[in-house]
Amino acid sequence: MNLNLTTKKLDANIEIILIKDKKIKENKSLLKLLKFTGEDETSVLLPELKKLYVGCETNDPDNIRIAVATAIKKLNTTNFKSAYIKCKDNLSSYVDGFELGNYNFTKYKSENPDAKNEDKNIYIVVDEITKRIQKEFEDAQCISDAVNLTRDFVNTTPDDFYPEIMAQEAIKIAKENNLDCKIYDEEYLESNNMDAMLAVGRASRHKSKLIHLSYKPSGKKKAKKKIVLVGKGLTYDSGGLSLKPADFMVSMKSDKSGGSAVLGVMSAIADLNLPIEVHGIIGAVENMIGGDAYKPDDVLVAKNGKTIEVRNTDAEGRLVLADCLCYAQDEIKDIDYILDFATLTGACVVGVGHYTSGIMGNNNQLNYSVVASALRSGELATSLPFNRYLKKTIKSEIADICNISSTRYGGAITAGMFLENFITDENKKKWVHVDIAGPAYVESSWGYNPHGASGAGVRMAIQFLNDTIKK
Ligand code: BES
Ligand code: ZN
Ligand code: ZN
């Protein structure tokens with residue numbers, strides 16, 4: 001699909017018409033005969049009239065995205081080669097709907113039934129193309145591309161996407177966007193006392209990688225803020241010796257979603273041309289079993305010297321993130337905000353459902369502003385507050401801290417509070433933890449998100465970057 005912005009009414013095959021608030025204004029009797037009421041996520045194609053009607057709950061951005069995604073999916077079931085839609089406002093939501101709704105992961109299909117849709121031309125018709133409108137169009141495309149790139153990474157199987165590959169993808173993104181890129185191997189982790197991260201990857205035949213991408217505004221533009229994004233990049237999570245049951249292991253290729261989202265953001269950052277210094281740090285690791293595996297009962301020492309009693313090797317993401325967070329704060333000074341993205345706990349999915357991310361940290365105000373950015377971007381998120389009572393449940397009798405809680409309730413929050421141990425006093429109020437375990441990967445389509453990876457985290461992070469410039 002090629003998306004075009006235009007002011008001319010074109011002689012395209014089909015006109016897409018969004019029916020907002022169920023207010024049908026034309027072809028009423030015909031649409032009634034077809035039992036089309038303008039219901040959300042429904043559409044009806046009248047080929048002879050060259051019209052595609054799509055229900056759109058209200059004119060809100062997310063309803064537009066869903067309706068436009070419904071339209072492109074319907075068009076993709078036909079051989080019509082072109083279509084147009086009139087757009088009065090919310091241009092970026094139209095772009096999102098087309099670009100995110102059109103996504104299909106076909107890497108492992110021997111025949112790609114969607115190949116014929118690749119040359120479809122879609123025109124968004126606006127009254128005039130000002131500089132601002134053109135930028136809104138291009139930025140929305142750039143962000144959608146980043147989301148779709150993240151989806152591709154996450155959907156790729158663990159045998160095709162292991163830490164080394166994740167590092168290569170980072171190098172590719174850096175080259176294409178003129179970013180600085182450092183890849184550290186296990187020798188570096190060892191000599192820098194990152195034993196928590198090292199232990200998790202020990203039983204894998206794939207060596208762990210620490211990835212650090214950075215962007216600094218070019219030319220005369222001075223960075224107004226310095227923001228660090230840290231991602232959990234578990235290219236596979238078998239659970240380790242605390243092995244996952246068969247049903248729970250399926251889909252654990254998605255445990256690299258946080259790291260993949262950080263890669264996605266970094267792929268867009270240069271084109272968005274924001275006056276912010278942005279660092280993307282990813283712990284790329286595979287959690288496997290074997291004679292060399294780390295064990296429940298081990299005590300690990302993290303980069304900041306804190307000792308961790310391992311009681312469950314499936315709570316591995318927090319061990320990797322612990323060292324990555326330490327690395328970030330040791331290497332980068334005067335951070336304004338540090339956000340981590342991780343498919344950290346099943347408990348977060350139990351708590352808030354599949355479609356919502358959990359936002360945690362020590363600064364309620366900052367948590368709320370991340371929630372607000374997420375919602376503005378079209379992602380669902382909610383704040384999960386820390387408290388002193390749950391904090392006590394991750395104490396250890398033999399080490400400084402335990403990698404699991406003594407209670408099975410509140411698991412998303414106790415995981416977040418574990419991470420807090422690896423945030424320096426200076427950064428305590430600048431850090432936010434985002435648990436994307438729910439929305440990152442869902443095995444059925446929802447709205448404009450497909451079966452599988454959604455690219456969760458990318459739009460919320462970019463919106464947060466945009467919103468901080470205004471602060
Ligand atoms: N990667 C999982 C969390 C997860 C679960 C992500 C479901 C996506 C969907 C994480 O490493 C994990 O296994 N966490 C454990 C923690 C427990 C052992 C304290 C969990 O959630 O069960
Ligand atoms: Zn795990
Ligand atoms: Zn995991």
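The values are calculated or read from the model by the stated rules, or taken from the named source; none is laboratory data. All values reported here derive from a predicted model rather than from experimental measurement. Heads up, the Cβs are rebuilt from the backbone with ideal geometry, glycines too, and the neighbour counts pull from every protein chain shown. These accessible areas exclude ligands, DNA and RNA; they are computed on the full protein's heavy atoms, side chains included. Shrake-Rupley method; radii C 1.70, N 1.55, O 1.52, S 1.80 Å.
Values for this structure:
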| read-out | value |
| --- | --- |
| Heavy-atom accessible area ranking, 1.4 Å probe, most first, across W431, W446 | W446, W431 |
| Net lengthening on full extension, D334/K295 (0.36 nm per residue, minus Cα-Cα) | 10.4 nm |
| Largest to smallest accessible area among E397, E286 [probe 1.4 Å] | E397, E286 |
| With DNA, RNA and ligands ignored, accessible area of R65 (1.4 Å probe; Å², nearest 10) | 10 Å² |
| Unsatisfied cross-links (Cα-Cα over 24 Å) in the set K23/K74; K35/K88; K32/K88; K50/K135; K23/K73 | K35/K88; K32/K88; K50/K135 |
| Surface share of carbon and sulfur [accessible, 1.4 angstrom probe, percent] for region 324-471 | 51 percent |
| Accessible area in the full protein assembly, largest first, 1.4 Å probe, for Y337, Y409, Y448 | Y409, Y337, Y448 |
| Extension gain, K216 back to K50 (0.36 nm per residue minus Cα-Cα distance, nm) | 54.9 nm |
| For the chain: accessible area per residue (Å², 1.4 Å) | 43 Å² |
| Zone of K116's modelled label, taken as backbone nitrogen in region 41-59 under 19 Å from a point 7 Å along Cα→Cβ | 45-48 |
| Computed E for K8/F80 - FRET, C-beta separation, R0 25 angstrom, nearest 0.05 | 0.85 |
| Cα-only Debye scattering, region 74-214: base-10 log of I(q)/I(0) at q = 0.16, 0.19, 0.20, 0.21 Å⁻¹ | -0.99, -1.17, -1.24, -1.30 |
| Distance between modelled label sites at D425 and K131, nm, 7 Å Cα→Cβ extension | 4.8 nm |
| Computed over region 372-469: relative contact order in percent, which uses C-alpha pairs under 8 Å that are six or more apart | 33 percent |
| Spin-label model distance (nm) - K392 vs K88, 7 Å beyond Cα toward Cβ | 5.9 nm |
| Semi-axis lengths, Å, the chain, gyration tensor of Cα atoms, sqrt of 5 times eigenvalues | 42, 23, 21 |
| Accessible surface of S191 - all protein chains present, 1.4 Å probe, nearest 10 Å² | 90 Å² |
| Antiparallel %, DSSP beta bridges [both residues in region 203-289], to 5 | 35 percent |
| Calculated [θ] (222 nm, deg cm²/dmol) that DSSP helices of n ≥ 4 give over the chain, each run adding -39,500 (n - 2.57) | -11000 deg cm²/dmol |
| Taking all pairs of distinct alpha-carbon atoms in region 289-382, Kirkwood radius in angstrom | 15.7 Å |
| Accessible area of region 177-270 belonging to carbon and sulfur atoms, whole % at 1.4 Å probe | 49 percent |
| Accessible surface of F161 - all protein chains present, 1.4 Å probe, nearest 10 Å² | 10 Å² |
| Simple label model, 7 Å out from Cα along Cβ direction - E39 to Y108, nm | 3.3 nm |
| Length gained when the stretch Y409-K225 is fully extended (0.36 nm per residue, less Cα-Cα span) | 62.5 nm |
| Length-normalised contact order for region 1-95 - Cα pairs under 8 Å, 6+ apart - percent | 33 percent |
| Portion, in percent, of the accessible area of region 1-76 that falls on carbon or sulfur, probe 1.4 Å | 48 percent |
